[in-house]
Structure formats: C-alpha cells, structure tokens
Amino acid sequence: EAQVTQNPRYLITVTGKKLTVTCSQNMNHEYMSWYRQDPGLGLRQIYYSMNVEVTDKGDVPEGYKVSRKEKRNFPLILESPSPNQTSLYFCASSSGLAIYEQYFGPGTRLTVT
Amino acid sequence: SQQGEEDPQALSIQEGENATMNCSYKTSINNLQWYRQNSGRGLVHLILIRSNEREKHSGRLRVTLDTSKKSSSLLITASRAADTASYFCAPASAGNMLTFGGGTRLMVKP
C-alpha cells in the first residue's frame, strides 16, 4: 500500500530536549516536505527536498533542521524545541513539485512544555 | 508559489444538502487541486483539474475552474455526515511548491 508514515504520532517533551520526527514513504517519490499546522494559520511549509541531499527552506524554517540521506526518508529535527513549536506536523511526498498530487502522512502532534 | 483562498471559512449544512466551496488565486496555474482533511489527520487528495479543463467530476464531487476569474469551486452533492472535514484548494504552478490556505471547515449535520 502506498503510504507516508510518521513517527511518533504524539510527543510531549520539554524545552531544549532535542527530538527527531521520522518520515518515510514507499512510493519512490523524489519530492518530500514538512508542514506545520496551527489554528488560524493553516498549513505552512517548513522545509522541502527535491531529491537526495537536496533540501531547501520553506516558509517557516527557523528552529528546524532536515536531512535527506536516502530517497525514502526525510526526518525533521528540532535541536532545541521551544513552546512555540507546539503544533501538528505533517510530512508529505510527491513525484515532483506543485503540479503533482501530494501524499500526506497521518501527522505528529507535538507539545513542548 | 501561491496559495488559494477558500471561501467560506466555515459551512454548516444538513445531511443530503449540497455543499459548495470556493477558491480564489492570484497568478496563472498549471492545475488546481482540492484536498480534504479530517480532524487532526493528514490531507487527502480529492481531485485535480488542469488549467485547460473547465469542469471535472469524481463521484459526488464536482469541480469547476474559471481561469479568467482565477477561481474554482468544489461542489459536494447529497452530503453525508462523513463529509464533515476541512477542504483546501491548492493552485499549482510548475516548478513551484504547493501551498495551502486556511481551508473551508464543513460540518454536515445528520
């Protein structure tokens, strides 16, 4: 089954404790991205990657890092999480940029206290 | 990249009624995509309409596109309680990132 998986689905952590949210897709997609969704602000793109070792900033990259060492994986790293990073995070993948359908993961709800 | 603006922000209807949501955008596009999001879940692709198409159907969904007005509409016919979700439009241009607006929150009451 074609899918995008994220782990963990829920995470509560404390300020400053480094964490990684994993994302994996099994569709051999070149393009992967991370979004955060906050009430009243919609979905905002954090980072995206057009292929292995190629990443670029989205609209809200501050406080986040990503890596793309393999085509299928695109982890999101919060080196020093802060409460304003409490949000619902989604990973997505597609065959290419905007003109292609995007497949979304189930989401990771992160709370930073 | 550009994002679409959905209207209305929220819509409440009775089961069996039709629901219409609108989307406006600013610059030329290759296609426009509609997505659905159930509460707290990932977005699911519903339908893609190309810039040279005016109307497209998929089951109970009907999408129209008017490139001269830079607008699109999504019609859900004979709505069901299970259609309760947020709906997003995403105008798409080649080489650009897909971005999303705030969506339309649809509530279908049984």
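The values are calculated or read from the model by the stated rules, or taken from the named source; none is laboratory data. Nothing here was measured: the structure is a model prediction, and the numbers come from that model. Here the Cβ positions follow ideal geometry from the backbone for every residue, glycine too, while neighbour counts run over all protein chains shown.
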- Task: Hey, can you tell me all the residues within the stretch A:80-98 that are of a type outside the set (Ser, Thr, Tyr), farther than 19 Å from A:Arg9 by Cα and more than 14 Å from chain B (Cβ to nearest Cβ)?
- Result: none
- Report yes if B:Tyr25 is modelled with pLDDT under 95 and either surrounded by fewer than 18 Cβ atoms within 10 Å (Cβ to Cβ) or among the aromatic types (Phe, Trp, Tyr) (or both), otherwise no. yes
- Quickly run through the stretch A:1-46 and pick out the residues that are in contact with an Asp or Glu (Cβ under 6 Å, 6 or more places away or on another chain) and either farther than 25 Å from B:Ala94 by Cα or hydrophobic (A, V, I, L, M, F, W, C) (or both). A:Lys18
- If you check B:Ser73, B:Ser79, B:Ser68, which single one turns out to be part of a strand (DSSP E or B), of a type in the set (Gly, Ala, Ser) and more than 14 Å from chain A (Cβ to nearest Cβ)? B:Ser73
- Note on the structure: Given (1) surrounded by 16 or more Cβ atoms within 10 Å (Cβ to Cβ); (2) touching a residue at least 60 places away in the same chain (Cβ under 8 Å); (3) within 14 Å of chain B (Cβ to nearest Cβ), A:Thr111 misses just (1)
- Message: Could you go through the stretch B:38-46 and let me know if any residue there is more than 10 Å from chain A (Cβ to nearest Cβ) and touching a residue at least 40 places away in the same chain (Cβ under 8 Å).
- Response: yes
- Name the pairs whose Cβ atoms lie under 7 Å apart, with the first residue in the stretch A:30-46 and more than 16 Å from A:Cys91 (Cβ to Cβ), the second not hydrophobic (A, V, I, L, M, F, W, C), and 6 or more positions between them or separate chains? A:Asp38/A:Ser87; A:Gly42/B:Gly101; A:Gly42/B:Gly102; A:Gly42/B:Gly103
- Where B:Ala90 falls short, out of the listed (1) small (Gly, Ala, Ser); (2) assigned to a loop (DSSP other than H, G, I, E, B); (3) within 12 Å of another protein chain (Cβ to nearest Cβ): (2)
- Can you name every residue in the stretch B:72-88 that is surrounded by fewer than 19 Cβ atoms within 10 Å (Cβ to Cβ) and either at pLDDT below 95 or within 10 Å of the chain's Cα centre (by Cα) (or both)? B:Ser73, B:Leu75
- Query: In the list B:Leu61, B:Leu11, which residue meets the criterion of being within 30 Å of A:Tyr10 (Cβ to Cβ) and away from chain A (no Cβ under 14 Å)?
  - Reply: B:Leu11
- Note on the structure: Those residues of the stretch B:21-59 that are farther than 11 Å from B:Ser72 by Cβ, polar (S, T, N, Q) and in contact with a Ser or Thr (Cβ under 9 Å, 6 or more places away or on another chain) come to a total of 7
- Query: Is it the case that A:Phe74 is modelled with pLDDT of 95 or more and within 13 Å of chain B (Cβ to nearest Cβ)?
  - Reply: no
- Query: What's the number of the condition A:Glu62 fails, among (1) in contact (Cβ under 8 Å) with a residue 12 or more places away in the chain; (2) more than 14 Å from every other protein chain (Cβ to nearest Cβ); (3) under 23 Å from A:Lys17 (Cα atoms); (4) surrounded by fewer than 21 Cβ atoms within 10 Å (Cβ to Cβ)?
  - Reply: (1)
